[in-house]
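S.K.: What follows is a single structure, and I will ask about it in a moment.
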Amino acid sequence: MLNAKTILLGLTTSSGSNWQDKVEEIKEFNIKELALLPNFLNFEQRKKLYQLLQDTALEEIPVVHLRHDMEQNELDYLVNKYKSKIFCLQADELGFKLYEKLPKYQSLIYLENPSNEKTAKYFNQAIFNEQQISGFCLDLTRLESQRYTNHSIFKQIQSLLSKYPIGCNQVSAISTNIFLKIFHKKTSSHELKSLEQLNYLRKFPNNYFGKYIVIELSNSFQEQLEIKKHLLNMLEYLIK
């Protein structure tokens with residue numbers, strides 16, 4: 001069994017992900033629940049997205065990735081309209097500025113593990129204690145990539161994981177090209193081309209998985225529904 005863990009389709013908004021088409025897919029596949037990652041959309045674009053979502057059958061957005069220009073009333077809307085429970089936030093200078101602006105929701109904000117040396121300096125015990133963070137949004141793809149490309153950050157994150165709860169995960173694709181790993185090149189991708197690119201998840205222990213597991217891919221929802229089936233089978237094997 002998955003021990004009450006929920007795998008969520010991800011409405012991503014990066015340049016490779018057509019979020020307008022994904023809204024139409026919500027209607028086509030009668031999707032009731034998903035994660036929202038609007039971190040590539042400005043306020044006006046997000047406003048348009050919210051308007052479009054109102055014309056779908058969508059009922060819940062448990063996990064939302066925050067963007068630095070969000071205001072409290074936007075989070076109010078997401079909590080009241082879509083029952084949002086976890087807000088993911090980049091652990092960097094802009095992220096902590098936003099965190100300080102949102103005292104009402106600080107207990108729901110979980111920090112995402114860093115992507116590089118510049119942001120890794122904000123990911124430390126002293127800052128977490130000072131800010132009284134609730135826990136982590138653990139991007140497992142990023143962590144797995146750093147196993148090969150930046151082992152010092154990989155070990156830094158590992159040392160902190162046992163000290164805070166993991167509220168959710170983000171998962172995307174890892175390249176199966178061994179030469180990228182050998183030469184410490186970028187190994188992660190937000191476009192999945194083969195289900196084998198998810199096999200790396202088998203390496204992580206059960207306690208690295210939070211309640212919500214977000215598919216952070218530009219792939220269509222039709223493809224993500226198949227990916228979700230694959231993850232359900234894989235994670236039942238991992239967690240039972």
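S.K.: May I ask you to list the residues in the stretch 31-55 that are of a type outside the set (D, E, K, R), farther than 19 Å from residue 219 by Cβ and part of a loop (DSSP other than H, G, I, E, B)?
M.R.: Hits for the stretch 31-55 are 42, 54.
This table checks each residue for (1) among the small types (Gly, Ala, Ser); (2) over 28 Å from residue 15 (Cα atoms).
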| position | (1), (2) |
| --- | --- |
| 150 | no, no |
| 159 | yes, yes |
| 167 | yes, no |
| 177 | no, no |
| 190 | no, no |
| 196 | no, no |
| 221 | no, no |
| 235 | no, yes |
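S.K.: Residue 40 fails exactly one of the following numbered conditions: (1) under 24 Å from residue 201 (Cβ atoms); (2) among the hydrophobic types (A, V, I, L, M, F, W, C); (3) modelled with pLDDT under 95; (4) within 20 Å of the chain's Cα centre (by Cα). What is the number of that condition?
M.R.: (1)
S.K.: Would you mention how many residues in the stretch 47-79 are of a type in the set (Lys, Arg) and under 20 Å from residue 92 (Cβ atoms)?
M.R.: Matching residues across the stretch 47-79 total 1.
S.K.: Right, next: Contact list please: Cβ distance under 6 Å, first residue in the stretch 11-25 and outside any helix (DSSP H, G or I), second residue among the hydroxyl-bearing types (Ser, Thr, Tyr), pairs at least six apart or on different chains.
M.R.: 12/218; 16/218; 17/218
Let's see how each residue does on (1) crowded, with 21+ Cβ neighbours inside 10 Å; (2) touching a His at 6+ places or on another chain (Cβ under 7 Å):
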residue	(1), (2)
64	yes, no
68	no, no
80	no, no
85	no, no
90	yes, no
94	no, yes
100	no, no
116	no, no
120	no, no
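S.K.: Which one of these does residue 104 not meet: (1) assigned to a loop (DSSP other than H, G, I, E, B); (2) surrounded by fewer than 16 Cβ atoms within 10 Å (Cβ to Cβ)?
M.R.: It is condition (1) that residue 104 fails.
S.K.: Need pairs with beta-carbon distance below 8 Å; first residue under 13 Å from residue 102 (Cβ atoms) and within the stretch 69-87, second small (Gly, Ala, Ser); sequence gap 6+ or separate chains.
M.R.: 75/84; 78/84
S.K.: Name, by its number, the condition in (1) closer than 21 Å to residue 170 by Cα; (2) in a helix (DSSP H, G or I); (3) of a type in the set (Gly, Ala, Ser) that does not hold for residue 126.
M.R.: (1)
S.K.: Could you tell me which numbered condition residue 22 fails, if it satisfies all but one of (1) out of contact with any strand residue (DSSP E or B) (no Cβ under 6 Å at 6 or more places or on another chain); (2) within 14 Å of residue 221 (Cβ to Cβ); (3) among the basic types (Lys, Arg)?
M.R.: Single failed check for residue 22: (1).
S.K.: Related question: When the residues of the stretch 184-233 are filtered to those that are small (Gly, Ala, Ser) and farther than 24 Å from residue 153 by Cα, which remaining residue is surrounded by the fewest Cβ atoms within 10 Å (Cβ to Cβ)?
M.R.: Restricting to residues being small (Gly, Ala, Ser) and farther than 24 Å from residue 153 by Cα, the top hit is 194.
S.K.: Moving to a separate point now. Give 22, 48, 32, 27 a once-over and let me know the one that is surrounded by 13 or more Cβ atoms within 10 Å (Cβ to Cβ), out of contact with any helix residue (DSSP H, G or I) (no Cβ under 8 Å at 6 or more places or on another chain) and closer than 18 Å to residue 226 by Cα.
M.R.: Just one listed residue meets the conditions, 27.
S.K.: Ok, one more. Hey, can you tell me all the residues within the stretch 129-162 that are out of contact with any strand residue (DSSP E or B) (no Cβ under 8 Å at 6 or more places or on another chain), part of a loop (DSSP other than H, G, I, E, B) and closer than 17 Å to residue 108 by Cα?
M.R.: Hit for the stretch 129-162 is 132, nothing else.
S.K.: Looking at 136, 128 in this structure, which one is at pLDDT below 95, closer than 12 Å to residue 164 by Cβ and aromatic (Phe, Trp, Tyr)?
M.R.: 128
The values are calculated or read from the model by the stated rules, or taken from the named source; none is laboratory data. The shown structure was predicted, so the numbers you read here are calculated from the model rather than taken from an experiment. Cβ: placed from backbone, ideal geometry, glycine included. Neighbour counts: every protein chain shown.
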